[in-house]
Amino acid sequence: EMTSSLVGSEMCIRDSINFLRMKKNKIMKDYWRVCWMALLLVALFFGSCSDDNDSNGDSDNAAFDPNIPVQVSGINPTTGGFGQRLVISGENFGNDPSIVNVFVGGKKAIVINVKNHSIYCLVPSQAYSGEIEVQISNGDNPVVSTIAEAKFEYVRKQLVSTLCGSRRDDGGYDTKDGPFNDCGAFGSPNWLEFDPKYPHLVYVAADRGAGDENEGNGNMRILDLKNQYVGTALTEGDMGGTNRGRALAFFDENHMAVAVDQGDELRAAVYGFTRNREAPEGDERNYKMWGNRLALVNFKACNTVTFHPVDGDMYFNSWDKGQFFKVEKQQIQEIFDGTRTTPADKEVLFQMDNGWEYNIRIHPTGNYAYIVSINKHYIQRTNYDWASKRFVTPFIVAGTAERAAYVDGIGTSARFNTPYQGVFVKNPEYAGQEDEYDFILCDKMGQCIRKITPQGKVSTFAGRGSASLNGNPWGYVDGDLRQEARFDRPKGIAYDEATDTYYIGDGSNRRIRKIAYEGEE
């Protein structure tokens with residue numbers, strides 16, 4: 001029985017070996033068959049390439065022939081904006097980029113490369129008409145020019161530019177009133193606000209506090225967009241001797257509130273001013289339109305002031321314990337009318353903690369407000385209780401307290417680094433939704449402008465561009481919002497809905513920057 005078992009096992013092993021040998025032979029045959037097929041395909045491929053080179057290569061690399069017409073047969077793509085890569089197809093372009101000029105919409109394009117049948121170039125800015133012209137100059141011969149039948153559909157882009165201001169080479173500070181091209185520097189332009197009566201005027205509050213960008217005399221300056229002039233609205237003396245004007249807001253067309261940062265609970269936290277003259281006209285350049293300074297409310301270390309767009313009550317804060325205060329509209333009205341001779345009463349709605357620096361931006365509907373925590377690096381939302389006319393306990397919508405960084409993301413996964421002033425901007429894509437506004441804000445040490453959607457998604461709107469320049473995210477570069485533009489500690493921001501234009505207080509660059517569509521004046 002043992003012998004029989006061994007014989008059976010030996011036969012089984014022999015059959016397995018024979019099977020494996022047959023399988024191996026088949027695999028090897030298949031392997032060589034695949035190899036021969038691959039070699040055949042490679043040979044055919046290189047033969048095809050060789051044929052192509054023989055038939056097209058010499059033609060593509062041929063020099064421009066002045067005896068043959070220059071023709072444009074097509075463009076790709078047919079639409080785009082400034083910086084768009086554009087390929088122009090045709091005949092007899094030659095192979096020398098130095099003799100080829102391309103104009104799009106009458107603006108000269110940057111030519112990258114030229115082949116006899118194609119031109120590779122970049123669309124210039126403001127190429128509005130879209131007409132494409134190719135010009136070829138060849139020594140002493142006349143310039144050959146041809147215009148394409150097809151037109152490029154130019155799409156205007158938002159770009160960053162410089163409105164006014166300057167910075168000395170040594171980083172120092174000089175300021176003066178004057179036209180936009182000669183108005184000196186802006187020291188700490190930390191809050192920008194449009195005049196509700198004269199929408200061509202933008203106020204710029206300056207905080208001469210700690211930090212290397214906080215220089216200047218603390219005066220509140222004014223941008224006259226119509227006359228392209230920078231004037232002075234309020235001096236440090238007009239604001240009670242404080243050089244820390246943190247924010248401003250308008251109670252109505254003729255009454256303004258200014259939040260000042262000082263350390264005495266018995267002194268004004270918010271001053272009120274009354275318009276005592278109208279905006280200058282013609283050649284006049286006197287912008288001292290405000291007087292009758294009054295203490296609207298007393299406290300210390302105030303960072304912000306705002307008014308509810310519907311109910312009109314005033315809200316301000318204190319860095320002291322992060323208090324969020326409310327002041328009744330009626331009392332503010334009485335102070336401005338002169339029927340109340342003492343500062344208004346205040347009510348603490350809630351508080352954060354010791355040393356909580358923030359500003360308050362109320363949604364245009366009044367339904368909620370964002371609390372932008374400057375030194376804690378995150379954004380909270382407080383909803384408005386219409387029945388009690390009070391803002392309720394806030395909750396986080398973006399960022400995380402005391403986690404300073406630069407990260408785009410959703411909700412608490414996002415990171416800010418010293419966020420500052422923000423504005424609500426209506427987004428046409430949200431039409432009909434419950435909330436139709438994005439929130440655009442300056443991220444000071446993030447060196448950029450950020451966007452927060454109603455769902456709490458944070459993205460970078462502008463800045464941190466020009467990667468090839470150096471490894472820094474900051475700097476002074478105008479141009480494409482993300483590819484080129486750079487800021488250096490942006491703080492204040494104002495938005496003109498009529499022209500879809502942003503004005504940015506660019507702190508360490510000591511300038512007012514502008515974000516607008518090409519062609520907007």
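The values are calculated or read from the model by the stated rules, or taken from the named source; none is laboratory data. The shown structure was predicted, so the numbers you read here are calculated from the model rather than taken from an experiment. Every residue, glycine as well, gets a Cβ built from its backbone with ideal geometry; the counts of neighbours run over all protein chains shown. Side chains are part of the model used for accessible areas, which takes the heavy atoms of the whole protein and leaves out ligands, DNA and RNA. Shrake-Rupley method; radii C 1.70, N 1.55, O 1.52, S 1.80 Å.
Tell me the relative contact order for the chain as a rounded percent, counting alpha carbon contacts under 8 Å between residues six or more apart.
Numbers: 1340 pairs, mean separation 49.2, N = 521.
Relative contact order here is 9 percent.
May I ask you to evaluate 6.51 cos²θ - 1.76 cosθ + 1.60, the Karplus curve with θ = phi - 60°, for each residue of segment 461-468 and list the ³J(HN,Hα) values in order in whole Hz, giving x for glycine and proline?
Here the 3J(HN,Hα) series is 8, 7, x, 6, x, 6, 4, 6 Hz.
How many percent of the accessible area of the chain is carbon or sulfur, using a 1.4 Å probe?
Details: 12290 of 24880 Å².
Answer for the chain: carbon and sulfur cover 49 percent of the accessible area.
Rounded, prolate or oblate: which one fits segment 66-149, using the alpha carbon gyration tensor with axes a ≥ b ≥ c (rounded when a/c is under 1.5, else prolate when a/b beats b/c, else oblate)? Walk me through the numbers before you get to the answer.
Numbers: a/c = 1.75, a/b = 1.64, b/c = 1.07.
Prolate.
Rounded to the nearest Å, what's the spacing between the alpha carbon centres of segment 415-466 and segment 167-195? Just the number, please.
Segment 415-466 and segment 167-195 have Cα centres spaced 25 Å from each other.
Go ahead and run the numbers for FRET between Gln228 and Lys108, Cβ-Cβ distance against an R0 of 22 Å, rounding to 0.05. List each step's numbers first, then the result.
Values: r = 28 Å, r/R0 = 1.26.
Computed FRET efficiency for Gln228 and Lys108: 0.20.
Set the bar at 19 Å for Cα to Cα. Now go through Lys107/Lys151; Lys451/Lys491; Lys176/Lys197; Lys300/Lys326; Lys197/Lys326; Lys321/Lys491 and name every pair that lies beyond it. Walk me through the numbers before you get to the answer.
Working: Lys107/Lys151 14 Å; Lys451/Lys491 14 Å; Lys176/Lys197 25 Å; Lys300/Lys326 15 Å; Lys197/Lys326 26 Å; Lys321/Lys491 23 Å.
Where the Cα-Cα span goes over 19 Å, the pairs concerned are Lys176/Lys197; Lys197/Lys326; Lys321/Lys491.
Solvent-accessible area per residue for segment 326-477 at a 1.4 Å probe radius, Å²?
Values: 6710 Å² over 152 residues.
Value for segment 326-477: 44 Å² per residue.
Give the long-range amide H neighbours of Cys448: residues separated by 5 or more places, or on another chain, with amide H under 5 Å away, using H modelled in the peptide plane at 1.01 Å from N.
Answer set, sorted by chain and number: Asp443.
Taking θ = phi - 60°, what integer Hz values does the Karplus form 6.51 cos²θ - 1.76 cosθ + 1.60 yield along segment 126-138, in sequence order, with x for Gly and Pro?
6, 8, 5, 6, x, 5, 10, 10, 10, 10, 10, 10, 9
I'd like the distance separating the alpha-carbon centroids of segment 106-120 and segment 234-288, in whole Å.
55 Å
At 1.4 Å probe size, put His363, His200 in order of accessible surface, largest to smallest. All intermediate terms of the calculation are to be shown ahead of the outcome.
Working: His363 5, His200 35 Å².
Per-residue accessible area, sorted high to low, gives His200, His363.
Relative contact order (percent) for segment 280-369, with alpha-carbon contacts under 8 angstrom and 6 or more residues of separation?
Working: 154 pairs, mean separation 26.1, N = 90.
Computed over segment 280-369, the figure is 29 percent.
In whole Hz, with x marking every Gly and Pro, tabulate ³J(HN,Hα) for segment 105-112 from phi via Karplus 6.51 cos²θ - 1.76 cosθ + 1.60, θ = phi - 60°.
x, x, 9, 6, 8, 8, 8, 8
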